[in-house]
Amino acid sequence: MQAEFQDHDDNSHKPEVRDERGMISAEFYRQVEEAVEARDVDALLNLTQDLHEADLGDIIEALNPKDRADFLELLADDFDFVALVELGDSLRAKIVEALPNARLAEGISELDSDDAVLILEDMEEEDRNEVLAALPALERMHINRSLDYPEDSAGRLMQTSFIAVAPFWTVGQTIDYMRETPDLPDVFHQIFVIDPGFRLLGDVSLNTLLRSQRSTKISSILHEERHFVEATQDQEDVSRVFERYDLLSAAVLDEGDRLVGVITIDDIVDVIHEEADEDIKRLGGVGAEEITDTVFDTVKSRFTWLSVNLLTAIIASWVIAFFDTTIQQMVALAVLMPIVASMGGNAATQTMTVAVRALATQELDSFNVLRVVTREVTVAVLNGFAFAVILGLIATFWFDSYQLGLVIGTALVVNLFFAGVSGILIPIGLTKVGADPAIASGVFITTVTDVVGFFAFLGLAGWWFGLS
């Protein structure tokens, strides 16, 4: 009784893993950090042994680099390698590089094939081959087959473990097979039906299988309307298939229409998150940067696009310098001209964001591009007139000049028109030439709105007031 009471008492002092916001709680993290620093294996195991791999991954990301190495060393064989899948690419690569190949092989042998591929694909070829050589032959064959497919394809994403039966089997045979066969997927939602050449004939959902009599032939209950994906298909296209047809899983077929794997919804959720994360980062010009990157890696990642931004800023400044005499004769122009450029830049960014996302999700295509372009330009012009009235009135009362109000109002309409046009046409044009609109659009659009804004406002002011 005393031992049982003591165990209960120990567990009562174990803090909650996550707080009310769903974040790793400060108290739990503090205890993990203290256990690592004290090299207290028992305390660390007590804290982490029941953790979900996602929680374990968050703990690893939160630790500083030195503590991460000690954390993995202390857990040793008790470390769950599935947690590596939950990490960002760069951090996972660093951890994998630091681990001995023999230990990697041991950990990877316990993973699903898709998780194993995710860990192995970024390794140096020599190290990867060494790890693969230590795996059982059948598992090595499955992983190598997935690695042969292009990066970010369905073939890399799929699990090679699935359940496939012949159409002449009965429901009873299928259920007995699943009960008696030890090496089956841990989680599955459907049974695939194949011919002798391993070509997909259809599938049977688990609920249909369990509601059918044991004597029922599989061929009589299979769904011939197949929603499958090709092994070479891009993962973003695969996610759209899942979204369109509300799938929980989908068969993966090779170039010969043979069943080679299955993709499940949990992998697709990761893909959707990854693609959205990638688009947001590209729009901000930070590429594949992660929160765990070092200062040097972060500087290197951001330097390129900041350099391009510097060049475009110089171009805009050159336009201002062209009107230096005009500005000197009327100081109000210097006060107001940033407003025109800023409004144009923000309007263009709004249009660009909608356009880039529509292109990424394939909602914008040849059949509706003219309608979307017309809509965005019309919206820009209407906003231009609305804000022209507001800003014109502000400038009139501020500088006691209705003429200055008319000039800045006109310039704002012109700049917002070009903002709408460039915000939609530049992403479309970049896509046509094979460039990534999420990365490159922002720089070009900022240049257009700055140059047009300054030129329209200062040029109109110089002409209207006769300044030179």
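Values quoted throughout were computed directly from the atomic coordinates according to the rules given, and no laboratory measurement underlies them. Since we're looking at a predicted model, the values are computed, not measured. Cβ placement follows ideal geometry from the backbone for every residue including glycine, while neighbour counts extend to all protein chains displayed.
See the values below:
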item: The chain: relative contact order in percent, alpha carbon pairs under 8 Å with at least 6 residues between; result: 10 percent
item: Peptide ranges 175-187, 267-279 listed from the most packed, as the mean C-beta count within 10 angstrom indicates; result: 267-279, 175-187
item: Cα centre as origin, Lys/Arg/Asp/Glu Cβ charges: region 295-465 dipole, Debye; result: 200 debye
item: Cα convex hull of region 13-155, projected area averaged across orientations, nm²; result: 9.1 nm²
item: The chain - mean residue ellipticity at 222 nm from DSSP helices (-39,500 (n - 2.57) per run, n ≥ 4, rounded to 500); result: -21000 deg cm²/dmol
item: Charge dipole (region 298-439, unit charges on Cβ, about Cα centre) - positive-most of ILE394, VAL356, GLN329; result: VAL356
item: Fraction of antiparallel bridges per DSSP, region 164-268 only, in percent to nearest 5; result: 75 percent
item: Built amide H within the under 5 Å cut-off of ASP203, gap 5+; result: VAL193, HIS223
item: Summed residue charge, Cβ within 13 Å of ALA348's Cβ, Lys/Arg positive, Asp/Glu negative; result: -2
item: If the convex hull is drawn through the Cα atoms of the chain, its volume per residue in Å³; result: 226 Å³
item: Protection-proxy order for peptides 368-377, 447-456, each taking the mean of Cβ atoms within 10 Å per residue, highest first; result: 447-456, 368-377
item: Rounded Å value of the spacing that divides the Cα centres of region 189-250 and region 307-326; result: 59 Å
item: Rough spin-label spacing in nm, given labels placed 7 Å along Cα→Cβ, for ALA133 and GLU73; result: 2.8 nm
item: Backbone N under 17 Å from the TRP464 label point (7 Å along Cα→Cβ), restricted to region 329-367; result: 329-344
